[in-house]
1. Restricting to Cα pairs below 8 Å that are 6+ residues apart, what does the relative contact order work out to for the stretch 7-75? Please round to a whole percent.
2. Place a point 7 Å from Cα of residue 20 in the direction of its Cβ. Which residues in the stretch 32-71 have their backbone N less than 14 Å from it?
3. Would you mind checking which residues have amide H under 5 Å from residue 47's amide H? H placed 1.01 Å from N; only 5 or more apart, or other chain.
4. From the helices alone, meaning DSSP H stretches of at least four residues, give me the mean residue ellipticity at 222 nm for the chain, per-run term -39500 (n - 2.57), in deg cm²/dmol to the nearest 500.
5. At what distance in nm do the modelled label points of residue 38 and residue 57 sit from each other, each positioned 7 Å from its Cα along Cα→Cβ?
6. Under a point-charge model restricted to the Cβ atoms of Lys and Arg (+1) and Asp and Glu (-1), what is the dipole moment magnitude of the chain relative to its Cα centre, in debye to the nearest 20?
7. Show the residues, 5+ positions off or on another chain, whose built amide H is closer than 5 Å to the amide H of residue 75.
8. Select from 39, 61, 74 the residue farthest towards the positive end of the dipole of the stretch 7-75; place +1 on Cβ of Lys and Arg, -1 on Cβ of Asp and Glu, and compute about the Cα centre.
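Every read-out reported here was derived from the displayed coordinates using simple, explicitly stated rules and does not represent laboratory data. Please read these numbers as outputs of a predicted model, since none were measured by experiment. Ideal geometry is used to build each Cβ from the backbone, glycine not excepted, and the neighbour counts take in all protein chains shown.
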Amino acid sequence: MDNDKPQSNLKFVPSISHLRECAKKLPEAHGFKSQTLDVPVEGKSGVCITFERIKYVGKSGVSEARWSYKGRMLVGEK
């Protein structure tokens with residue numbers, strides 16, 4: 001591994017605890033104007049986790065807006 005690389009080129013992979021903490025800071029997805037939202041990770045200077053607002057169809061068949069992380073984690077209602 002090359003130790004001369006600047007730290008900004010290193011990729012940050014969030015843990016489940018990082019995702020949970022950032023998800024708590026998300027506003028309601030319904031009515032939010034932007035498709036994505038960057039939430040800063042506490043204790044990690046300049047690092048953000050990007051959440052995407054998606055259309056979600058629940059068990060009842062009703063479509064609603066929810067937040068998602070890379071299409072792999074769905075953030076539930078508050």
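1. 23 percent
2. none
3. 41
4. Here the helix-only value at 222 nm equals -2500 deg cm²/dmol.
5. Spacing of the two 7 Å Cα→Cβ label points: 3.4 nm.
6. I would put it at about 260 debye.
7. The answer is 67, 68, 69.
8. 61
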